[in-house]
1. Criterion first (in a helix (DSSP H, G or I) and either in the same structural domain as residue 260 (by TED's automatic domain parsing) or over 26 Å from residue 282 (Cβ atoms) (or both)) does residue 194 satisfy it?
2. Spot the failing condition for residue 194; the list is (1) at pLDDT below 90; (2) in contact with a helix residue (DSSP H, G or I) (Cβ under 7 Å, 6 or more places away or on another chain); (3) closer than 21 Å to residue 279 by Cα, and only one is missed.
3. What number of residues within region 363-386 are assigned to a loop (DSSP other than H, G, I, E, B), under 22 Å from residue 280 (Cα atoms) and either modelled with pLDDT of 90 or more or in contact with a helix residue (DSSP H, G or I) (Cβ under 6 Å, 6 or more places away or on another chain) (or both)?
4. Starting from region 101-121, take each residue that is assigned by TED's automatic domain parsing to the domain that holds residue 56 and list its partners that are part of a loop (DSSP other than H, G, I, E, B), counting only C-beta distances under 7 angstrom and pairs at least six apart or across chains.
5. Look at residue 3 and say whether it is modelled with pLDDT of 90 or more and more than 33 Å from the chain's Cα centre (by Cα).
6. Kindly provide the set of residues from region 89-123 that are within 25 Å of residue 4 (Cβ to Cβ), surrounded by fewer than 13 Cβ atoms within 10 Å (Cβ to Cβ) and under 52 Å from the mean Cα position of the chain (by Cα), ordered by number.
7. Looking at region 340-362, I want the residues that are assigned to a loop (DSSP other than H, G, I, E, B) and have a partner that is surrounded by 13 or more Cβ atoms within 10 Å (Cβ to Cβ) with Cβ atoms under 6 Å, at least 6 apart or on another chain. Which pairs are those?
8. Could you pull out the residue among 371, 376 that is under 42 Å from the mean Cα position of the chain (by Cα), touching a residue at least 12 places away in the same chain (Cβ under 8 Å) and either closer than 24 Å to residue 245 by Cα or surrounded by 21 or more Cβ atoms within 10 Å (Cβ to Cβ) (or both)?
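The values are calculated or read from the model by the stated rules, or taken from the named source; none is laboratory data. Remember, predicted model here, so these are calculated numbers, not experimental data. So basically every Cβ, Gly included, is an ideal-geometry build from the backbone, and we count neighbours across all protein chains shown.
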C-alpha cells in the first residue's frame with residue numbers, strides 16, 4: 001500500500017536529519033574552501049551544520065520560509081564565529097556551503113521516498129529563501145555587534161589615555177596599552193591639550209584633524225570640555241584652526257608621560273590667561289607663563305599699569321590699545337600707528353596719557369616689561385582686546 005504524501009515527506013526528513021555524513025562533509029568542504037575555517041574546531045563546525053540541518057527540516061515541514069526576525073540561529077553562529085576571528089564574508093560563505101550540502105543530500109534522497117520533482121523544487125526554493133533570511137539576520141547581528149564593539153573599544157581607549165597621562169597606570173598596563181595603540185617605546189612623546197571656543201565643536205576631532213594636517217600621529221580622547229592627546233611625532237607646518245588652542249607639553253618617555261601632561265596643562269592655562277590661541281608651548285609663551293604662574297605679581301602689575309587707565313572709561317581702552325600696538329611692534333611708532341590705525345601723533349598722545357595715568361615711562365625697560373606683563377593679562381581677560389594668535 002503506497003504511503004500518503006505527508007508520510008513520505010516525514011520519512012524523507014527523518015532520514016535527512018539522521019544522516020550525519022552531512023556534518024562530516026560540511027566540515028571537510030568548509031576547511032578546504034573557506035578562509036579561516038581551517039583553524040576552527042571540527043566540533044564547532046559540526047554543531048553549526050547540525051543547527052542548519054534542523055532549521056532546514058523545520059522550514060520544509062512548515063511549508064514556508066521564516067522572516068529574518070523569526071530565526072535565532074544567525075545570532076548564535078555570528079557571535080561564535082566572531083569570537084573565533086572569522087570574517088563576516090567567510091561566515092556567510094560557510095553558511096551557503098552548509099546549505100548546499102543539505103540541499104544536495106535532500107535532492108538525492110527525494111526519489112527514494114517517491115517525492116515528485118516539482119515537490120523537490122519547492123524544497124529547493126524554500127531553502128534558498130531560508131538562506132536569504134538567515135543572511136539578512138546575520139548581517140544585522142554583525143552590524144549591531146560591530147557598533148557595540150566599536151563603542152566598547154573607544155571607551156577602553158579613552159580610559160587608557162586618561163589614566164596614562166595622569167600617571168594612573170602601572171608599568172604593565174602602560175606598556176600593554178602602548179602595544180595595543182602602537183605608541184613608541186624607543187623615543188619620547190608629548191602630551192597635548194586642546195580647547196575649543198564654542199560648545200558645538202568637537203575638540204577630539206579637531207585635534208586629530210590638526211595632527212593629520214601636520215603629518216603627525218596623535219592618540220586623543222575627550223577630557224573635560226576639551227581633549228587630551230599623546231603626540232607621537234614632531235609636527236610640521238599646518239594652517240591654524242580658528243578658535244582652537246593646542247597646548248603642547250615637553251618631550252618625555254612614555255613612563256614619565258604625566259610630567260608632559262602637567263606641562264601641557266600649565267601651557268593651556270597660561271595661553272588662556274593671556275588670550276592666545278593656536279599652537280602654543282612654554283617656549284613660545286616665554287615670560288607669559290608667569291602671568292598664569294604668579295597671580296600675586298599679575299595682580300600687582302595690573303593694578304599699576306591697567307586699572308588707572310581703565311578708570312578713564314572708553315578712552316582708557318583706546319590708550320591700552322595704543323600701548324599694545326607700541327609693544328607688539330617693537331616700539332616702532334609708525335608701524336604701531338598703522339596697525340590700529342591712527343595717526344602717529346595720536347599714538348604719541350595716547351602713550352603720553354598712559355604715562356600720566358600710571359607714572360610709567362614708555363622708554364624705560366622696567367616699565368616696558370611690567371606693562372607687557374599687565375597688558376598680556378588684560379588681553380586674556382578681555383576678548384575684545386585679544387591679539388592675533390601667537391603675537
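1. Details: in a helix (DSSP H, G or I): no; either in the same structural domain as residue 260 (by TED's automatic domain parsing) or over 26 Å from residue 282 (Cβ atoms) (or both): yes.
Answer is no for this residue.
2. (1)
3. Initially, region 363-386 is screened for residues assigned to a loop (DSSP other than H, G, I, E, B), giving 363-364, 382, 386.
Filter once more, keeping what is under 22 Å from residue 280 (Cα atoms): 382, 386.
This time we only want the ones that are either modelled with pLDDT of 90 or more or in contact with a helix residue (DSSP H, G or I) (Cβ under 6 Å, 6 or more places away or on another chain) (or both), so: 386.
Number satisfying all stated conditions: 1.
4. 105/19; 120/110
5. Working: modelled with pLDDT of 90 or more: no; more than 33 Å from the chain's Cα centre (by Cα): yes.
When the stated conditions are applied, residue 3 does not pass them.
6. 121
7. Hits for this filter: 340/325; 360/367; 361/367; 362/351.
8. Values: 371 fails: under 42 Å from the mean Cα position of the chain (by Cα).
Among 371, 376, only 376 is under 42 Å from the mean Cα position of the chain (by Cα), touching a residue at least 12 places away in the same chain (Cβ under 8 Å) and either closer than 24 Å to residue 245 by Cα or surrounded by 21 or more Cβ atoms within 10 Å (Cβ to Cβ) (or both).
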